[in-house]
């Protein structure tokens with residue numbers, strides 16, 4: 001019974017939908033995970049990522065979005081209210097982590113001892129060492145927080161309410177559906193006000209229309225493997241209300 005409740009809750013939560021491919025499938029719960037947060041302040045997060053997971057999601061481009069969440073998608077129904085949020089990050093670059101110096105030493109030694117290596121890979125090292133060397137750090141600028149309001153609608157604030165020293169977050173690369181939600185997000189209150197104004201004026205309810213597409217990166221070498229290179233971008237007439245004439 002508990003499993004049924006968990007799956008039903010996950011399948012209907014807009015927060016879970018941001019970080020997983022298929023909220024109703026236990027096998028898909030962590031398929032978009034790339035790593036974990038090591039530390040965070042009110043402006044930036046330090047994220048620890050693994051090469052295998054980067055490869056599984058077709059890479060993490062510079063300036064791309066990442067999503068950080070404390071909750072376990074497969075156990076969302078029992079998640080404490082404080083953890084029911086998703087932090088939106090933008091990748092700003094690489095960051096040093098504690099083990100970088102020993103990794104650099106191991107790589108240097110490997111090539112010194114194997115000057116004829118041709119693949120650029122580290123096949124000669126034992127697996128545990130290679131796995132430890134597969135972790136690296138990146139910086140993510142905090143853009144805001146997604147949460148579900150009392151009206152059960154997805155909302156976004158442009159900051160974070162607090163940081164916790166012992167709450168490390170799972171970090172995910174957005175799915176195409178999640179990326180579409182992010183780039184086309186409209187505040188529910190603003191959308192409702194626009195609808196009310198349109199009805200009062202006797203005109204139709206504003207309907208968003210597509211103006212183009214967005215993709216993860218200009219170089220599509222890795223993204224094409226997953227078949228998700230373009231995400232539709234819409235613009236709403238709401239964006240032009242109150243803006244005055246265009247000169």
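Coordinate-derived values only; no laboratory data. In this text, all values refer to a predicted model and were calculated from it rather than measured experimentally. A quick note on method: Cβ atoms are made from the backbone with ideal geometry, for glycine too, and the neighbour counts reach across all protein chains shown.
Modelled label positions at residue 109 and residue 233, each set 7 Å beyond Cα in the direction of Cβ, lie 4.8 nm from each other.
Spin-label model, residue 82/residue 219: points 7 Å from Cα along the beta carbon direction are separated by 4.2 nm. Which of rounded, prolate or oblate describes segment 26-72 when judged by the alpha-carbon gyration tensor and an a/c cut-off of 1.5? Oblate shape, in that a/c is at least 1.5 and b/c is the bigger or equal ratio. Residue exposure proxy: 153, 173, ordered by other Cβ atoms within 10 angstrom of their Cβ from fewest to most, comes out as 153, 173.
From least to most packed, judged by other beta carbons within 10 angstrom and beginning with the fewest, 42, 234, 65, 172 follow the order 42, 234, 65, 172. The packing ranking, built from the mean of other Cβ atoms within 10 Å per residue, places the peptides 14-23, 71-80 in the order 14-23, 71-80, highest first. Stretching residue 201 away from residue 22 to a fully extended chain increases their span by 60.3 nm, per 0.36 nm per residue minus the current alpha-carbon distance. For segment 2-175, the alpha carbon convex hull comes to 133 Å³ per residue, rounded to a whole number. Ordering 66, 154, 38 from the fewest to the most neighbouring beta carbons within 10 Å gives 38, 154, 66. Against the empirical 2.2 N^0.38 Å (N residues), segment 62-165 has a Cα radius of gyration ratio of 1.56. Using 0.36 nm per residue and subtracting the Cα-Cα separation, the extra length available between residue 121 and residue 168 on full extension is 13.8 nm.
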